[in-house]
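Before any comments, here is the structure.
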């Protein structure tokens, strides 16, 4: 097995970006022709959506009433949205997993099928690709409000990016520098750098001693050390005009599960605010946020929405059978939960849209993507992707677009183009190459 | 995938309630089916794959997992007596890191949540989690942890250092020279010492001009982030030497392997001394050291952890239970008591008692407290302290009838026979199972005992490869509900709480390639306790635990040798462990592809 399979350096080479770029800490993003979005964030959760209360009633989202109840919180941003129809996880369909929705999270942003009932990807996700290729001063930030059984973000095939689920830790990484003097920041960075450079060199020597498979592990560790250096260096870049959000007491260390479910809404809200502030303040350029796994159990209920029982999974299954009866109790419960997810997305959008940038707002120069890993009945067809933000005028927003059944790979390629990676011709297997022209401003 | 509770509150519509019940049942099936996922002949990135051949679904059939000794009770491969398995690179697990800094720095300020999580790569074939690769978040966590530990060192520098801090560079050199071999857990080279003395001098000078204390702290932080500290590997200055086609592990690597396996931490002074004087090259010395470590407190935790991982006992604490169905299993106290009792049970036999393997599956002597007594149906107890108890021998016998195992393998609102059956098949018989179907079928029977529902379900064609294989083992536990309470009858209709039917735990299971008609879980325990197949599987699971990977054909001769010692010792678990650590596959390794050797 080639070590390149596990190394995103191989991908960078394919993109024409030298491996030596990885530790490059001072490079500015060099956008190629195409879109000019400055930031990307993906937001993912599971168990699908209740379509009758989710699907817009008009392809023109700016028409009054076009956004149904589940998307009501997004109304202020209707003209900056693209609701997509009939985007399929084609790689999973081709792998005979038409109902593999419980295992599809790795496919959402990699365009690769997991093995049957596996939780791994066959390649890197576009957040990793874009973050690497931009050579940004801020590294990829992977956030979670869930256990990382699965993940939407992958450094490479079989290399899951770990999620930081602790808001206090996230705050420390992003904003702790705001309270330091420049001299302290500089000294701290130099000290950290002296240590990490030594560790990097030791890992390099270490790598010479081990076999091929273990070299891959060491390379991943070396990549991580360089990414950490980038992360630590980015701290002092925070503008003094940015106000870091507060992390409420008692929310750190919580995740989905047991008694902490009552704090889950605060956790999600906090993560949205941390992410939004990080994006507009330049503390992060590419963020992923995984909100909830598929599944159920008593820990996956929504008591704060008045839905303590049944659990989320049972509600989803039951509501699946009620697509012709959207007012049935269980359908209303599922729609209430759906609406809550998008309300949290709206919190993020509000931060970006409230930050003036150029002739518009930060949202206008961003690509925000929300996605669920399945549609009704575990289906891997017609995945509910929504794009927010114009990517600097790249996208023609305010619409629902029926793609007529394209592989999600084409959407991922289009997002890469929106982020300025115009040389990318495809994401995933070669047979899924291409983009979705109908999303673009022509 | 998870079990869903039957809703009993907050749902007004009867129609919906029935529907939810239907889907809850479907989801229960789904969870069980998904749990059937197995990997036959799979391999990990390092090429260390399970080499099971044949269809594991055919329990006791022709498919003999060649990498798992006696797993089907058939003839075992002798294996190559000169072979040894690989030693893939791994970093310290959470518990190993915490234990190591406790021993090295006398610092217990960190918690597991501050460290990278361990990663369950393939729970069916590997009964324990293994550390994941070090990604950005993990590197960040190691960075933060090291800085915290270094700050603590700075606060006690005067007592921590072996020299007067005012000596500055001279003291730093002395400190690194003495501290680094402990942190790296092996002899170090002058160049490695030089890495840190150079760092110390650099940060003491311009432009940083750190104070002496800050410079010492930085050196400690750097050491704790180095590969020499974080990884398990032969990192001594000399390249590994081939001995035939395998590499004989150097004494320090053996000392580390032995210590981390048996006590979950770095070698102690006695073990370091044995490595230094070369006696660890002798299997007899390794055995003596193993017996010494097995008597230490750390080994007690290792045995507890092994059974937790092997039988997923910790799920008893985390598996959600519907508060309406199981109000007696909601508090943290009862969940902790269940796990503590299981720990007491296994250590009372393996560490403190006879070491008898069969007792693990037959003994009705355990411990109980105020929380467990109602679940076991014994006389009421007062207080949280676990006290000795003799359980009803017609109901309980061995770890498989413990509340911990039964709650861990039970559902949120009932028992799930496939889960319990799967645990027996994959963890005790070392069988592998085929993949579940993609589409979960709609349940066909809504009123009846759990067994009746699953038996009806098992008539569907899609269940043939999995449910029909595992459920005969699971049905033996039908006298136990989802939290391990004994029952003679079962409620059969959520709409009619007074409707009950007697439970039926009679079943026929295949063990050692033979059919065994049994009455219940007690009977199953008796069969398993004296099974060659289970002996082989148990030895294989311990071997996996000891070497941190799935077994391969190169381990076969070592497993056979350990099994021989196990039998000679009347199946004493302590003797099995000692036999495994003296085996060739524990003391040697196959070179990795691409590795530079002399």
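Kindly check whether there is at least one residue in segment B:336-349 that is free of Cβ contacts under 8 Å to residues at least 24 places away in the same chain and over 17 Å from residue B:528 (Cβ atoms). Taking every residue of segment B:336-349 in turn, at least one turns out to be free of Cβ contacts under 8 Å to residues at least 24 places away in the same chain and over 17 Å from residue B:528 (Cβ atoms).
Mind telling me which of the residues B:176, B:153 ends up being part of a helix (DSSP H, G or I), more than 14 Å from chain A (Cβ to nearest Cβ) and out of contact with any strand residue (DSSP E or B) (no Cβ under 6 Å at 6 or more places or on another chain)?
Going through B:176, B:153 in turn, just one is part of a helix (DSSP H, G or I), more than 14 Å from chain A (Cβ to nearest Cβ) and out of contact with any strand residue (DSSP E or B) (no Cβ under 6 Å at 6 or more places or on another chain): B:153.
Can you say whether residue B:375 is within 24 Å of residue B:575 (Cβ to Cβ) and outside any loop (DSSP other than H, G, I, E, B), as far as the supplied structure shows? Answer is no for this residue. Of all the residues in segment B:202-227, those that are at pLDDT below 95 and either within 43 Å of the chain's Cα centre (by Cα) or facing another protein chain (nearest Cβ under 9 Å) (or both) number 2.
Of the residues that make up segment A:170-184, is at least one in contact with a strand residue (DSSP E or B) (Cβ under 9 Å, 6 or more places away or on another chain), modelled with pLDDT of 80 or more and assigned to a loop (DSSP other than H, G, I, E, B)?
No, that holds for no residue.
In segment B:535-543 there is no residue that is touching a strand residue (DSSP E or B) at 6+ places or on another chain (Cβ under 9 Å), touching a residue at least 60 places away in the same chain (Cβ under 8 Å) and crowded, with 24+ Cβ neighbours inside 10 Å. Here segment B:571-595 is the region considered, the condition is being modelled with pLDDT under 95 and over 18 Å from residue B:253 (Cα atoms), and the residue that is nearest to the other protein chains (Cβ to nearest Cβ) is B:594. Does residue B:246 count as farther than 18 Å from residue B:93 by Cβ, away from every other protein chain (no Cβ under 13 Å) and over 25 Å from the mean Cα position of the chain (by Cα)? Against the criterion (farther than 18 Å from residue B:93 by Cβ, away from every other protein chain (no Cβ under 13 Å) and over 25 Å from the mean Cα position of the chain (by Cα)), residue B:246 qualifies. Determine whether residue A:307 is within 14 Å of chain B (Cβ to nearest Cβ) and at pLDDT below 95. So residue A:307 fits the description; yes.
Regarding residue B:565, is this residue over 19 Å from residue B:432 (Cα atoms) and out of contact with any strand residue (DSSP E or B) (no Cβ under 7 Å at 6 or more places or on another chain)? Yes; evaluated as a whole, the condition is true for this residue. I need the full set of residues from segment A:325-370 which are buried (at least 23 other Cβ atoms within 10 Å of the Cβ) and either within 14 Å of chain B (Cβ to nearest Cβ) or part of a strand (DSSP E or B) (or both), in order please. Passing the criteria: A:330, A:331, A:333, A:334, A:366, A:367, A:368, A:369, A:370.
Only residues that are in a helix (DSSP H, G or I), closer than 19 Å to residue A:206 by Cα and touching a residue at least 12 places away in the same chain (Cβ under 8 Å) were counted across segment B:179-188, and they come to 4. Taking into account only those residues within segment A:230-263 that are modelled with pLDDT of 65 or more, within 23 Å of residue A:195 (Cβ to Cβ) and within 22 Å of the chain's Cα centre (by Cα), which is farthest from the other protein chains (Cβ to nearest Cβ)? Checked segment A:230-263; the qualifying residue farthest from the other protein chains (Cβ to nearest Cβ) is A:234. Among the residues of segment B:409-432, those that are within 24 Å of residue B:340 (Cβ to Cβ) and within 14 Å of chain A (Cβ to nearest Cβ) comprise B:410, B:411, B:412, B:419.
Taking the criterion of being assigned to a helix (DSSP H, G or I) and either touching a residue at least 60 places away in the same chain (Cβ under 8 Å) or over 18 Å from residue B:476 (Cα atoms) (or both), the residues of segment B:490-532 that qualify are B:521, B:522, B:524, B:525, B:526, B:528, B:529, B:532. Only a single item in (1) closer than 28 Å to residue B:276 by Cβ; (2) part of a helix (DSSP H, G or I); (3) away from chain A (no Cβ under 12 Å) is not met by residue B:199, and it is number (3).
Among the residues of segment A:193-225, which ones are over 19 Å from residue B:136 (Cβ atoms) and at the interface with chain B (Cβ under 8 Å from one of its Cβ atoms)? Answer for segment A:193-225, where residues must be over 19 Å from residue B:136 (Cβ atoms) and at the interface with chain B (Cβ under 8 Å from one of its Cβ atoms): A:194, A:208, A:209, A:210, A:211, A:212, A:213, A:214.
The condition of being in a loop (DSSP other than H, G, I, E, B) and either modelled with pLDDT of 80 or more or farther than 29 Å from residue A:99 by Cα (or both) holds for only one of B:482, B:465, that being B:482. Among the residues of segment B:559-568, none qualifies, meaning not one is in contact (Cβ under 8 Å) with a residue 12 or more places away in the chain, farther than 22 Å from residue B:285 by Cβ, buried (at least 23 other Cβ atoms within 10 Å of the Cβ) and under 17 Å from the mean Cα position of the chain (by Cα).
The values are calculated or read from the model by the stated rules, or taken from the named source; none is laboratory data. Predicted model only: the values in this text are computed from it and were never measured. Counting neighbours? That spans all protein chains shown, and the Cβs are built from the backbone with ideal geometry, glycine included.
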